[in-house]
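The values are calculated or read from the model by the stated rules, or taken from the named source; none is laboratory data. From a predicted model like this one, the values you see are computed outputs, not experimental measurements. Neighbour counts are summed over all protein chains in view; Cβ atoms, including those assigned to glycine, are modelled from backbone coordinates with ideal geometry. Keep in mind that these areas ignore ligands, DNA and RNA; they rest on the heavy atoms of the full protein, side chains included. Shrake-Rupley method; radii C 1.70, N 1.55, O 1.52, S 1.80 Å.
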Amino acid sequence: AAGVIQSPRHLIKEKRETATLKCYPIPRHDTVYWYQQGPGQDPQFLISFYEKMQSDKGSIPDRFSAQQFSDYHSELNMSSLELGDSALYFCASSLGPPATQYFGPGTRLLVL
Amino acid sequence: QKEVEQDPGPLSVPEGAIVSLNCTYSNSAFQYFMWYRQYSRKGPELLMYTYSSGNKEDGRFTAQVDKSSKYISLFIRDSQPSDSATYLCAMSESGGSNYKLTFGKGTLLTVNP
């Protein structure tokens with residue numbers, strides 16, 4: 001069965017640079033969630049989209065922005081990167097809330 | 001205090017043992033309860049999904065939700081070395097568009113052959 005696809009899988013950036021993470025949900029899924037997981041931490045909710053509209057916002061820094069496109073894929077844009085942004089970034093998708101969320105493999109971001 | 005509390009372990013058991021994992025929570029608005037399994041450096045994999053109170057069984061896994069006590073459990077029967085992973089409980093509220101997951105810290109389980 002098709003799963004959530006995230007790209008890139010690994011990303012190394014310098015401080016103050018910009019990064020763009022992409023998420024391709026499971027086909028027919030219309031809801032996308034973004035989570036950040038620091039080392040040894042549980043995933044923390046960042047932001048979600050339902051039918052291309054932002055549906056909820058968590059502890060997402062103002063330096064980050066995200067959107068969901070017409071084909072339902074989503075991008076998380078991160079600017080002015082800081083060392084503390086180093087983490088695993090997961091995307092999850094569901095077929096409309098409140099259905100179960102299926103997670104992608106994650107993008108590991110390292111900020112040097 | 002975190003909304004969801006989970007003993008981080010680590011928990012080490014022999015192969016074939018029954019494993020019990022638990023979470024408590026404080027937010028009475030939580031209606032959806034999930035257990036995810038996460039292998040090192042991988043994405044969380046959905047194991048069990050329960051709405052409101054009750055039990056649910058799927059193969060060797062049983063999930064229990066007791067909303068009156070704000071307590072959920074996951075039981076693994078006949079545990080296998082391949083079950084070695086971090087187990088995360090997760091919950092979400094009901095209503096509106098607020099279906100973000102709130103996770104526990106995760107319990108690291110090792111099943112020894």
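Miscellaneous remarks
- 1.4 Å probe, heavy atoms, protein only - residues of the stretch A:31-71 losing at least 50 Å² accessible area vs chain alone: A:Asp42, A:Pro43, A:Asp56
- Cα-based shape type of chain A, given that a ≥ b ≥ c are square roots of the gyration tensor eigenvalues and the cut on a/c is 1.5: prolate
- Taking amide hydrogens as placed 1.01 Å from N in the peptide plane, the amide H of A:Ser55 sits under 5 Å from those of A:Ser48, A:Phe49, A:Tyr50, each at least 5 positions away in sequence or on another chain.
- Estimated vicinal HN-Hα couplings, Hz - the stretch A:10-16 in sequence order (Karplus 6.51, -1.76, 1.60; Gly, Pro = x): 9, 8, 10, 10, 8, 3, 6
- Between amide H atoms placed 1.01 Å from N, distances below 5 Å from B:Ser94 occur with B:Gln31, all of them 5 or more places distant or on a separate chain.
- Remark: accessible surface ordering of A:Met53, B:Met48 (largest first) is A:Met53, B:Met48, probe radius 1.4 Å.
- For the set A:Asp56, B:Asp58, solvent exposure ranked by accessible area (probe 1.4 Å, protein chains only) runs largest to smallest as B:Asp58, A:Asp56.
- Here is the list for the stretch A:29-77: chymotrypsin sites (Phe, Trp or Tyr not before Pro) lying in DSSP coil, each with at most 12 other C-beta atoms within 10 angstrom of its C-beta, are A:Phe69.
- Solvent exposure, largest accessible area first (probe 1.4 Å, DNA, RNA and ligands not counted), of B:Asp66, A:Asp62, B:Asp78: A:Asp62, B:Asp78, B:Asp66
- What a 1.4 Å probe finds exposed on chain A is 52% carbon and sulfur by accessible area, rounded to a whole percent.
- DSSP beta bridges in the protein assembly as shown [antiparallel fraction, %, rounded to 5]: 90
- Note that the stretch B:8-20 has calculated 3J(HN,Hα) couplings of x, x, x, 10, 10, 9, x, 4, x, 6, 8, 10, 10 Hz, one per residue in order, obtained from phi through the Karplus relation 6.51 cos²θ - 1.76 cosθ + 1.60 (θ = phi - 60°); glycine and proline are x.
- The calculated FRET efficiency for B:Glu57 paired with A:Glu14, based on their beta-carbon distance and R0 = 45 Å, is about 0.35.
- Atom-type composition of the exposed protein surface of the stretch B:54-96 places 43 percent of the accessible area on carbon and sulfur (1.4 angstrom probe).
- For the protein assembly as shown, the spread of Cα coordinates along the three principal axes comes to 48, 39, 38 Å, biggest extent given first.
- Rounded, prolate or oblate (a/c below 1.5 giving rounded, otherwise prolate when a/b exceeds b/c) for chain B by Cα gyration tensor: prolate
- Accessible surface buried upon A-B contact (total; probe 1.4 Å; Å², nearest 100): 1800
- 3J(HN,Hα) couplings calculated from phi for the stretch B:36-46 with the Karplus curve 6.51 cos²θ - 1.76 cosθ + 1.60 (θ = phi - 60°) are, in sequence order, 10, 10, 10, 7, 4, 6, 10, x, x, 10, 5 Hz; Gly and Pro show x.
- Euclidean distance between Cα centres, the stretch B:11-68 to the stretch A:29-101, Å: 23
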